[in-house]
Every structure is written in structure tokens, then in C-alpha cells.
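The next block holds one structure in the form of C-alpha cells; read it before the comments.
The values are calculated or read from the model by the stated rules, or taken from the named source; none is laboratory data. For clarity, every value in this text was computed on a predicted model and none was experimentally measured. Note that we place each Cβ from the backbone using ideal geometry, even for glycine, and neighbour counts take in every protein chain shown.
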Amino acid sequence: MEWEATRYLLAGKMVAMIGQNKEKKDIISLKLDPVYGQFLRSEYKDIVPGYYLNKEHWNSIDLSGDLSDDLLRELIDQSYALIFKSLTKIKQKEIENS
């Protein structure tokens, strides 16, 4: 059986991925600053290294866990911001003006 996930992209670069882990729990994977990601993993049992992703930059979050909606929204925003900053200035302006 092939692993299924929904990827959310910004200018062709992945911002988030929603799917299930091997325990069939719903997860969202987000790109975060590596130091902040490691801190979060040490603070929250529901945040683990990215499932099927680069474990330094990506973090998977158990959506049925205890993470607050506010923190989850903040992490989604941070993932978006990291990807946005990695785009060319031209591409950033195109997105800002669309």
C-alpha cells in the first residue's frame, strides 16, 4: 500500500504535508528552524522528527495530541515564512502582488 499525503506548496516548494504515520495517526509535517524544532520536540511529546522527511528541518505533529490550536497555527505560519524567505525576490513580489 502506498503512503498517501496531501502536500501544500508555495511556488512549488512544500510548506506542509498532512497524512498519517505508521500508527495511522493523523499528522501534519512542517518545516521549522532546526534549533527551534529540537526545542519543541523536547517540550512536546506530540512533536517528533519529520515522518518520511529531513529530520533536521521537518517536524511531524500528532493532530490528535495536546498541542494548542494557537501553537499549531504559529508553527504553520513559521513554516510558510521559512519557505517564502527561500524564494527569489522576484517570486516573493509576485506572490505579494497576487
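Couple of notes before you dig in:
- Picking from residues in the stretch 20-47 that are touching an Asp or Glu at 6+ places or on another chain (Cβ under 7 Å) and modelled with pLDDT of 95 or more, the one that is surrounded by the fewest Cβ atoms within 10 Å (Cβ to Cβ) is Pro34.
- Among residues of the stretch 1-19 being of a type in the set (A, V, I, L, M) and either surrounded by fewer than 13 Cβ atoms within 10 Å (Cβ to Cβ) or over 30 Å from Lys91 (Cα atoms) (or both), the one that is modelled with the lowest pLDDT is Met1.
- Some residue of the stretch 11-20 being under 10 Å from the mean Cα position of the chain (by Cα) and either without any contact (Cβ under 8 Å) to a residue 60 or more places away in the chain or in a loop (DSSP other than H, G, I, E, B) (or both): yes
- Gly37 vs. criteria part of a helix (DSSP H, G or I) and of a type in the set (Gly, Ala, Ser): yes
- Positions within the stretch 17-55 being of a type in the set (S, T, N, Q) and in contact with a Gly (Cβ under 6 Å, 6 or more places away or on another chain), in sequence order: Ser29
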